[in-house]
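Trainee: After the structure tokens below, expect a handful of questions from me.
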Amino acid sequence: MHALDSIDALLFSLARAFCSPFAVFVQIQGCAICLLLAFGWVLASYVRNREIKQMKDLMRDGNSFAFLCHDINELEHSKQVKLPRVTVVMPLKGFGEHNLHNWRSQVTSLYGGPLEFLFMVESTEDPAYHAVSRLIYDFKDDVDAKIVVAGLSTTCSQKIHNQLVGVENMHKDTKYVLFLDDDVRLHPGTIGALTAEMQKNPEIFIQTGYPLDLPSGSLGSYCIYEYHMPCSMGFATGGRTFFLWGGCMMMHADDFRLDRYGVVSGLRDGGYSDDMTLAAIAGAHKRLITSPPVAVFPHPLASDLNFGRYWNYLRKQTFVLESYTTKVNWIMNRALFSTHCYLSWGFVAPYVMAIVHIAAALRIYVKGYSVEETNNISGGLLLVSCLAICTTIELLSMWNLTRIEVQLCNLLSPEAPRLSLATYNWVLVFIAMVVDNFLYPLSAFRSHFSQSINWSGIRYHLKNGKISKIERSKDMGPKFTDLGGKNLYGKKGAPTKMSFLSSLARSLAQWWQPKKHDV
């Protein structure tokens, strides 16, 4: 037998250390996290699948329009003419490869009531202005749509500013206002389904939905898919939820006209995140947020979504937890911050330990070490086996939920190209799970200590949870947005490209002096 060399001795020492009671606890905890995620996705799958079965039963019974509404009698002209007016407010920023398709899916809605679309831009120099102008011209005889130039925000984020200006310009008879992101791909019956729920239960404060990410093939796109999947559990309740996604929010128009619960002032006076602010208001006033099972939307990610753009997106997501409206909201954000960071690294640590256990076992096999020399690490391999089983269960449950949501989207949009699971790479999904959970705490701590963020060329500074300062410069922002790959400035204003590693290194170097440099 061979004597242990220094590297092998270190490896075996680590393997033995990772069999200590504390290390075993960490590895068991990692298995528990996998199983909890799997259980959540199973419940979400049940809710979505129940809607699929109901739609198929209705179609078998002769309702070929089940993708629009469950009761075919609701499509009668006498009932359609009584539907309330809805205004769709969509803040725009830049123009990318999927925007035109998304906008067409929105303006071609089969909602039977009065419907207007307000496309909000900060200026006519935005590439989105000319693109949406052409779209409106193409549909000028079929839809009520117009572009509104909102101008620059001064007291809140540009998106919130655009939304509030949109509300000011909506029709005087509008009963419900629907806020949409420009990367949302609606189904023909989405607006009708949301409106029906609002009429059925007037106590609803906000109705929301959630996207189904369609990765483009890059690791960055899979990291974003993996980041969104745990959140999808909170939106697949089929009813009441505490979660809110700013990409799709239907609300009562009068709540804005009358500034009920301080929705206008809460957003306008220092608001950074529309959904976090409104969710906090809903919680403070015990208002109802719901998410119907049909509110799941295909969300194709940019074909050139690189890892650097994913990192920028993650930075913006973690920065949201630094904004708050009340002391209670601050406490909840801090609890979410701490829990997410703990669980993220608690998820990653067992895989690091598993690599050490596997490497030690391989060295024993290759070098032919005796049991006495290696102090038997079979216990470590047992833990690795448990982790592998739990990870497999987790991935299968994630695959199943994605499969069901793909099927639901295909049923809800029978005219659209069929979505498929065939393009998903589940090896990359697993890698993305580890990478995303490793990077989340780094991004969260960076956001906590910086208290500033660069969002599409606009740097926002927070103070006491609200925007206190806004700086604008084309040179400080990216040329493209993170998810949709939208060109923000046309042919001008494109800064020098920076790789993910360079961006991350620069962020770490600025950790303690965030106000002196750009991210």
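The values are calculated or read from the model by the stated rules, or taken from the named source; none is laboratory data. What you see is a predicted model; the values in this text were computed from it and never measured. Neighbour counts run over all protein chains shown; Cβ positions are idealised from the backbone, glycine included. The protein model used for the area step is the full one, side chains on, heavy atoms only, and it has no ligands, DNA or RNA in it. Shrake-Rupley method; radii C 1.70, N 1.55, O 1.52, S 1.80 Å.
Trainee: State the extension gain, in nm to one decimal, for the chain segment bounded by ALA17 and LYS56, taking 0.36 nm per residue of separation less the distance between their alpha-carbons.
Mentor: Additional length available on full extension: 8.5 nm.
Trainee: List the residues, sorted by chain then number, that are 5 or more residues from PHE117 or on another chain and whose placed amide H is less than 5 Å from its amide H.
Mentor: Result for PHE117 returns VAL88, ASP144, ALA145, LYS146.
Trainee: Another question, if that's okay. Against the longest alpha carbon principal axis of the chain, how many degrees, from 0 to 90 and to the nearest 10, is the axis of helix 219-235 turned?
Mentor: Helix 219-235 sits roughly 70 degrees off the main axis of the chain.
Trainee: If pairing requires two Cys Cβ atoms under 4.7 Å apart, which cysteines of the chain are left without a partner?
Mentor: Cysteines lacking a close Cβ partner in the chain: CYS19, CYS69, CYS156, CYS223, CYS231, CYS248, CYS341, CYS386, CYS409.
Trainee: What whole-number value in Å² describes the accessible area per residue of segment 201-256 for a 1.4 Å probe?
Mentor: In whole numbers, segment 201-256 has 27 Å² accessible per residue.
Trainee: On to the next question. Counting heavy atoms of the protein chains only and a 1.4 Å probe, report the per residue accessible area for segment 294-334 as a whole number of Å².
Mentor: Heavy-atom SASA per residue in segment 294-334 reads 34 Å².
Trainee: Using only C-alpha atoms and all pairs of different ones, pull out the Kirkwood radius for segment 419-479 in Å with one decimal.
Mentor: Evaluated over segment 419-479, this radius sits at 14.4 Å.
Trainee: Which whole-number percentage describes the relative contact order of the chain, with Cα contacts under 8 Å and a sequence gap of 6 or more?
Mentor: 22 percent
Trainee: Contour minus end-to-end for TYR365 and ASN400, with contour as 0.36 nm per residue of separation and end-to-end as the Cα-Cα distance?
Mentor: Taking 0.36 nm per residue and subtracting the Cα distance, the gain is 8.9 nm.
Trainee: Put +1 on the Cβ of every Lys and Arg and -1 on every Asp and Glu Cβ in segment 65-210; which of ALA66, THR174, GLN106 then has its Cα farthest towards the positive end of the dipole?
Mentor: After comparing all options, I get THR174.
Trainee: Heavy-atom accessible area per residue, segment 48-176, 1.4 Å probe: how many Å²?
Mentor: 48 Å²
Trainee: Could you work out what % of the accessible surface of segment 285-334 is carbon and sulfur, using a 1.4 angstrom probe and leaving DNA, RNA and ligands out of the count?
Mentor: Summing carbon and sulfur atoms, their accessible area is 64 percent of the total for segment 285-334.
Trainee: Toward the positive end of the charge dipole of the chain, about the Cα centre and with charges on Cβ (Lys, Arg +1; Asp, Glu -1), which of GLY94, TYR261, ILE7 goes farthest?
Mentor: The listed residue farthest towards the positive side: TYR261.
Trainee: So, counting K/R as plus one and D/E as minus one, what does the shell of residues with Cβ under 12 Å around PHE319 add up to?
Mentor: Summing Lys/Arg as +1 and Asp/Glu as -1 gives +3.
Trainee: Out of all DSSP beta bridges in the chain, what portion is antiparallel? Express it as a percent rounded to 5.
Mentor: Bridges in the chain are about 45 percent antiparallel.
Trainee: For HIS101 and HIS448, compute 0.36 nm times the residue count separating them, minus their Cα-Cα distance, and round to one decimal in nm.
Mentor: 121.2 nm
Trainee: Right, here's the next one. How large, in percent, is the carbon and sulfur part of the accessible surface of segment 108-154 at a probe radius of 1.4 Å?
Mentor: 49 percent
Trainee: Moving on. Could you tell me the relative contact order of segment 288-438? Use alpha-carbon pairs under 8 Å, at least six residues apart, and round to a whole percent.
Mentor: The normalised contact order for segment 288-438 reaches 27 percent.
Trainee: Taking the Cα-to-Cβ direction at LEU152 and at ALA422 and moving 7 Å from each Cα, how far apart do the two end points lie in nm?
Mentor: 5.0 nm
Trainee: Spin-label point model (7 Å from Cα, Cβ direction): what's the ILE358 to SER265 distance in nm?
Mentor: Reported label-point gap for ILE358 and SER265 is 5.8 nm.
Trainee: I would also like to ask the following. Say R0 is 35 Å: what FRET efficiency, to the nearest 0.05, do VAL81 and ASN169 get from their beta-carbon distance?
Mentor: According to the calculation, E is roughly 0.90.
Trainee: Please give the helix 378-412 orientation as an angle from the longest Cα principal axis of the chain, in degrees from 0 to 90, rounded to the nearest 10.
Mentor: Its long axis makes an angle of about 20 degrees.
Trainee: Further, regarding this structure: Roughly what angle does helix 190-200 make with the longest principal axis of the chain, taking Cα atoms, 0 to 90 degrees, to the nearest 10?
Mentor: 80 degrees
Trainee: Based on the Kirkwood radius over alpha-carbon pairs, what value in µm²/s does the Stokes-Einstein equation return for the translational diffusion coefficient of segment 147-266 at 4 °C and 1.567 mPa s?
Mentor: 80 µm²/s
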